[in-house]
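Structure first, commentary second.
The values are calculated or read from the model by the stated rules, or taken from the named source; none is laboratory data. Please read these numbers as outputs of a predicted model, since none were measured by experiment. Counting neighbours? That spans all protein chains shown, and the Cβs are built from the backbone with ideal geometry, glycine included. For the accessible areas, the whole protein counts, side chains as well, though only heavy atoms, and no ligand, DNA or RNA atoms are used. Shrake-Rupley method; radii C 1.70, N 1.55, O 1.52, S 1.80 Å.
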Amino acid sequence: MSNTKNTQESQDSQESQNSRNSSKTNDKQTAGGRPSPMEVLRQARGQLAELTGMEAESVSSFEQTEEGWALEVEVLELERVPDTMSLMASYQVELDAEGQLTGYRRVRRYERGRSDARRPGGR
């Protein structure tokens, strides 16, 4: 009876592991082999950091386009004290349908503690 119980626990453990692996796979790709939005975000941040040498702090916009994906990524360009005086930059990043970076450009530079009146919501 003990062997039957251990066998059942082993099967339950295996099913649980398969379920976790399946959900990880679903996070990486959608139906049709395309990367999921979260995987695209991770790839974009990593590729931009590799090219510029600066870590992305956040993604402020993200949309799927006919060619792939378009993002706006906020990057710390120059750290200052106090932190509110640090220089930040917004980069427009374009990726193909598979999530590979095809281009980027800096679209604005600003101090972290200063709002931008030129943009919607920046009052």
Peptides ranked, highest mean first, by Cβ atoms within 10 Å: ranges 36-45, 101-110: 36-45, 101-110
Computed E for Glu55/Arg34 - FRET, C-beta separation, R0 25 angstrom, nearest 0.05: 0.45
Per residue accessible area in Å² of segment 58-111, where ligands, DNA and RNA are left out and the probe is 1.4 Å: 57 Å²
Sequence-separation-based contact order of segment 47-114, relative, with Cα cut under 8 Å and 6+ spacing, percent: 25 percent
